[in-house]
Amino acid sequence: QVHLVESGGGLVQAGGSLRLSCAVSGLTLTTSVVGWFRQTPGKGREFVAAVDRTGQRYYAESVKGRFTVSRDIAKNTGYLQMSSLKPEDTAIYFCAGRAGTVTSVPSEFSSWGQGTQVTVSS
């Protein structure tokens, strides 16, 4: 059974940084994709970033240059380093996992964490 647990959310001032972690069990990162999504009230989940099974990284335009996605294979954990945060980055952030190839479509991820709140104050 696949299980993902996020941690690292919180409250930060605009311009600050946070690092989210996603501990994964039941999936091996060398054969899987770890994706990061975010959601605000009344909206669907928005793709943020992903790292594929080869370690290649993908980003939404809105976070490119500010966020860095990574993984630690030994720990089977994914990370999302967020810098230069803006109030519009405020959302619940989710990590998700799937075997196979990368995608930015939420419905194509089979396993999800519980989410962690990120709030950026102006």
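Summary table
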{"read-out": "Residue among Trp36, Trp112 that is open to solvent by less than 60 Å² (accessible area, probe 1.4 Å), under 23 Å from Gly10 (Cβ atoms), of a type in the set (Phe, Trp, Tyr) and in contact (Cβ under 8 Å) with a residue 60 or more places away in the chain", "value": "Trp36"}
{"read-out": "Filtered residue count, segment 95-104, keeping only those that are under 16 Å from Thr40 (Cα atoms) and open to solvent by 50 Å² or more (accessible area, probe 1.4 Å)", "value": "0"}
{"read-out": "Subset of segment 76-94 that is of a type in the set (Gly, Ala, Ser) and under 13 Å from the mean Cα position of the chain (by Cα) - its residue that is surrounded by the fewest Cβ atoms within 10 Å (Cβ to Cβ)", "value": "Ala91"}
{"read-out": "Candidates Ser25, Ser7, Ser17 - the one that is touching a His at 6+ places or on another chain (Cβ under 9 Å) and surrounded by fewer than 21 Cβ atoms within 10 Å (Cβ to Cβ)", "value": "Ser25"}
{"read-out": "Selected residue [in a strand (DSSP E or B), at pLDDT 95 or above, among the small types (Gly, Ala, Ser) and open to solvent by 20 Å² or more (accessible area, probe 1.4 Å)] from Ser62, Ser70, Ser107", "value": "Ser70"}
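The values are calculated or read from the model by the stated rules, or taken from the named source; none is laboratory data. Just so we're clear, the structure is a prediction, and the values are computed from it rather than from any experiment. Backbone-built Cβ (ideal geometry, glycine too); neighbour counts: all protein chains shown. Accessible surface is based on the protein model in full, side chains and every heavy atom, while ligands, DNA and RNA are left aside. Shrake-Rupley method; radii C 1.70, N 1.55, O 1.52, S 1.80 Å.
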